[in-house]
Structure formats: C-alpha cells, structure tokens
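Here's the structure, in structure tokens; my notes come after.
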Amino acid sequence: MTDPLIEQADGEVEVADFDAFFAEQAEPERQGVPLKLYGRTYVLPPSLPALFTLQLHRVQHSARPDDIRRLLGSLFGPDAVGHWAEAGMSDRQLGIVLLWSTANVAEPGAVSMERAARLYDEREAAKGKAVPRRAQGKPRPKGKPRSSGKRS
C-alpha cells in the first residue's frame, strides 16, 4: 500500500521526490563486465537497463530483426547486432552470448561461457522434447498406407 500524499501546512501537497530517495539508496557504482566478441570489446551495464526489461517483454515472441536490434542495443550498443550478423554469428552463438550476458549483468562471474553454452543447449533440447519433430522426408500421399520398408 502506498503512503497518502502529505499536505503541508500551507495546503500544498508534498512532492514525492524519487531523485532524493534514489540518491539516499545509492550503492557504490559497480563496473560492468567486459566481453570481447568479433574483435570488439563491449562492457555490460552494471545492472539491466529498464529499457532492456521493458523491451524484453514486448519482443519475447517477436522475430523481427528491428525488435531484436533495439533490445540488444540497450546492452551492447546500437550497431552490435549488425556487426555480429556480418561476422556470421549463429543463432546458437547469439543465445549463448545473451544467456551469459544477462546472468553476468545481475551477478558478475555467475555464469561461465561453458556453463552458458550447456544451459543454452539444454533449453534447446527441452524445446525439442516438448514439441515432437517429424522426421524430414518425402510427404506421403494421403490415403496411402505406411510401408514397413520390406520388399515383397
């Protein structure tokens, strides 16, 4: 429950001063974790930017490149995704970098690159189990019974 606004003696409402409140709550400035990727060094912010969090909810089901660029731009800068794409980054590599980065923004050193790769691969494998994939092959004509593959 929020505190009601406080009326001062002269009848004016006291302004809720978040600038002062956050200044009182301020912790020592942390340094962001650096990482090197495709010849460039990036420094993660010391905490997840609000813009990243807001956009993450907005684009979590989007595959539009502009949405992804905007989201990642808040962590790595506006041209990072284009640079990575030009360098040939795979979707697996992108997933590993994102997993590692978001974990290490929250708590530097929390996840190694190897652990991020294992976690990514485990998540992808779980997706495969949740949604059975049909074997890739020629489509069967409708109404034709399945063959055992044995010759008669």
- [ ] Read through the list (1) in a loop (DSSP other than H, G, I, E, B); (2) at pLDDT 85 or above, then give the number of the only condition that Leu35 fails.
- [x] (1)
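Scan region 35-46 for residues that are aromatic (Phe, Trp, Tyr) and either in contact (Cβ under 8 Å) with a residue 40 or more places away in the chain or surrounded by fewer than 16 Cβ atoms within 10 Å (Cβ to Cβ) (or both) and jot them down.
Result: Tyr38, single match.
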Task: Residue that is farthest from Gly32 (Cα to Cα) [pool: residues in region 96-128 that are among the basic types (Lys, Arg) and modelled with pLDDT of 90 or more] - done: Arg123
- [ ] Kindly list, by first and then second residue, each pair from a residue in region 47-71 that is over 22 Å from Ala106 (Cβ atoms) to a residue that is part of a helix (DSSP H, G or I) and not hydrophobic (A, V, I, L, M, F, W, C), limited to pairs with Cβ atoms under 8 Å and residues at least 6 apart or on different chains.
- [x] Asp67/Gln55; Asp67/Arg58; Arg69/Gly82
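The values are calculated or read from the model by the stated rules, or taken from the named source; none is laboratory data. What you are looking at is a predicted structure, and each value in this text was computed from that prediction instead of being measured. Positions of Cβ are backbone-derived with ideal geometry, glycine not excepted, and every protein chain shown enters the neighbour counts.
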